[in-house]
Structures are given as structure tokens and as C-alpha cells.
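Below is one structure, written out as C-alpha cells; the observations come after it.
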Amino acid sequence: GLGVAFLENFAVNELKNQIENQELNVTLILDDIGWVSNILVNGKNVTQNLNEKKLSESIVTEDKISKSVPTAKPKNESISALVSHIDSPGQFWLQLTSETEKLDELGVKIQAEVPNLEDLTNCDIGKTCIAKYSADEQYYRAVILDSDSDIITVRFTDYGNTDVLDNAPGILKCLPENLAVIKPYAIKCSVNAFPASMGEWTE
């Protein structure tokens, strides 16, 4: 709900006029009355617009909304990161530069352990593993995206890129527990926008 009580019968029509076919910025809060939405259209608060036109009155105060929404970081605070892989503006991966040294250490550790690791026999989708990257013949942590008897598609969890590999001995290795407990170093991100066509991103 919007957290308002409509005062005029045509308030619903006014609401539709404001939000239909528009890109919305929606924040949800949990209040005594249930889930309440705070909607912005082109930077304007829909609830506030209805209230100013005397079409509604708020039943959830701005004070409650402000306390319920997590505080954003100051705009002048930034985090240094590298873009490791891009599928589209809606799906790309970052690596924090503060973790570059740890990522390098992980790479060395993986190459050292590969000779002692068993080949992966369970190639179900979603299974984590160690996979050989065809571009450099090195091994990296990965998750299986697709699999059949001939080829396997993986995404490298510390970088975000994918590879299509032959389903052959030595290509996929079991992920040992000491390497599985380390968090992925690639952070999946997206821009706060949609394709202009509301479909797929073009080149």
C-alpha cells in the first residue's frame, strides 16, 4: 500500500496517471499496517503529490519512513574497484582493489592444490568446482551454469566471466572445503536503469 487514505473517488485515477508506464523508484517499509511503499516518479514523491492535491492523507508519517529506510553512505564516500567482467549494464562484476592481493594469493593456492584434487564427477547445474580456463590454461573457482555429455558452461566466481569447456578428464576438479569457505571476490552489480525498449540491452 501507499500508506494513504484516499479522500476523493478519482484519486485512484490520478494515481494511475502518475505511475502508469513510468519508471518508478520504490522503497518498501514494514509498518503496523503491513508493507507500505514509498514511490518516486522522476524524483517526485507520489504520496506527497496526492496529499498536496487534497486527494489523500498520509496514515504513515514521513518520520516512520525515514527511520525504516537504511541510511545511504555519504555521496562523497567512494570505494575503489575494478570491473572484471561485463555481460550488460544490468549484469557486471566488480573486484575491490583492496582485495587484489588476497585474490592473487588464492590463485597461487589453487594452482598448487590442483594436482592433488579429484576430477569432478557430479556436474549438476549450480555445482561449485575448480575449472580450467581455456584462455590461459589456469584453474579458478567456478560454478556450473549448464552441462551435458559433451560440454559444460561455467562462470568463474572470482571474476564473473564464463567459459564453455569440454567435458573431459582434468578440466573440472572438486572444490576443497578450505577453498570453498573463501567468499567470491567478484561482486555482481547492475546499473539503476532499464533498457530503453524495456527488453534486452543492445550493443
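Where a number appears in this text, it was derived from the coordinates with a stated rule and is not lab data. Keep in mind that what you see is a predicted model, and the values were worked out from it rather than measured. As a convention, Cβ positions derive from the backbone with ideal geometry for all residues, glycine included, and neighbour counts pool all protein chains shown.
Assorted remarks:
- Radius ratio Rg over Rh of the stretch 72-203, counting only Cα atoms, Kirkwood formula for Rh: 1.02
- Across the cross-link table entries Lys44/Lys188; Lys109/Lys132; Lys132/Lys173; Lys102/Lys173, which are compared at the Cα atoms, the separations over 19 Å belong to Lys44/Lys188; Lys102/Lys173.
- Ordering of 141-147, 97-103 by packing is 141-147, 97-103, highest average first (other Cβ atoms within 10 Å, averaged per residue).
- Annotation: extensible slack from Ile86 through Lys44 equals 11.9 nm (criterion: 0.36 nm per residue apart, minus Cα-Cα distance).
- Potential lengthening between Asp124 and Asp150 on full extension [0.36 nm per residue; Cα-Cα distance subtracted]: 8.0 nm
- Extending 7 Å from Cα along the Cβ direction at Cys189 and again at Glu105 yields two label points whose distance is 2.4 nm.
- Segment Asp166-Trp201, length gained on full extension (0.36 nm per residue, minus Cα span): 9.7 nm
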